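Below: one structure, written as structure tokens.
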Amino acid sequence: SYDRINFKTALGCLCAGIGLLLVLLFIEPHIEAHDQQRVTLLQLFLGFAVVATILSAIWDALFVVNLWSFAEKLEFDENMLYVTEAGGRQWTISYKDITTIRLTGRGGQGTRGRWRVYAIDYQLNDEQKKTIDVSIFTSNMPRLGEFQQAVQAANRFADINNSWSNF
């Protein structure tokens, strides 16, 4: 989970977009006849900047809403991984049941930074194995290291692989 998530970035982009829009609207009445071509280019640039910052604010707000509303929340302590689904259903996974933590090779770059997707395989019972995919932002990689160390301490047979290839 990304614990520092809020709407500050989206609000900052929205304020910047509104400020640029006000500058754009203020330029029009103060145009001199000989500066018309230069001001038109400035207006074009400012118009693009307004659209880009407002779209960035919308994109970032959608990112926050998605994480708050639809993403699973993960917490851990010395012995357990706690998973809370978006609908409120909660369950725990004992570190002794975790068989694999592996980098999947998926991930990307978003408005809030770069992330990687890890798969956590665990034994649900003697016959059933399950996998959950977890997106980890690079700013949270130290927490992932703590989690991996706790799993390794509780289950020395757990396979922890931070490389998406087997070469």
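Here are the numbers for the structure shown:
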quantity: Criterion violated by residue 118 - all others in (1) surrounded by 17 or more Cβ atoms within 10 Å (Cβ to Cβ); (2) under 11 Å from the mean Cα position of the chain (by Cα) satisfied; calculated: (2)
quantity: Of residues in the stretch 63-83 being at pLDDT 85 or above and not charged (D, E, K, R), the one farthest from the chain's Cα centre (by Cα); calculated: 79
quantity: Those strands (runs of 3 or more DSSP E) lying entirely in the stretch 89-161 with at least 2 residues of a type in the set (D, E, K, R) and in contact with a Gly (Cβ under 8 Å, 6 or more places away or on another chain); calculated: 113-123
quantity: The one condition in (1) of a type in the set (Ser, Thr, Tyr); (2) exposed (fewer than 14 other Cβ atoms within 10 Å of the Cβ); (3) within 24 Å of residue 8 (Cα to Cα) that residue 135 fails to fulfil; calculated: (2)
quantity: The stretch 64-88, subset of a type in the set (Asp, Glu) and either touching an Asp or Glu at 6+ places or on another chain (Cβ under 6 Å) or not in a strand (DSSP E or B) (or both), residue surrounded by the most Cβ atoms within 10 Å (Cβ to Cβ); calculated: 72
quantity: Output for the stretch 40-50, where each listed residue is without any contact (Cβ under 8 Å) to a residue 24 or more places away in the chain and either surrounded by 14 or more Cβ atoms within 10 Å (Cβ to Cβ) or not hydroxyl-bearing (Ser, Thr, Tyr) (or both); calculated: 41, 42, 43, 44, 45, 47, 48
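The values are calculated or read from the model by the stated rules, or taken from the named source; none is laboratory data. Note that the structure is predicted; figures quoted are calculated from it, not measured. So basically every Cβ, Gly included, is an ideal-geometry build from the backbone, and we count neighbours across all protein chains shown.
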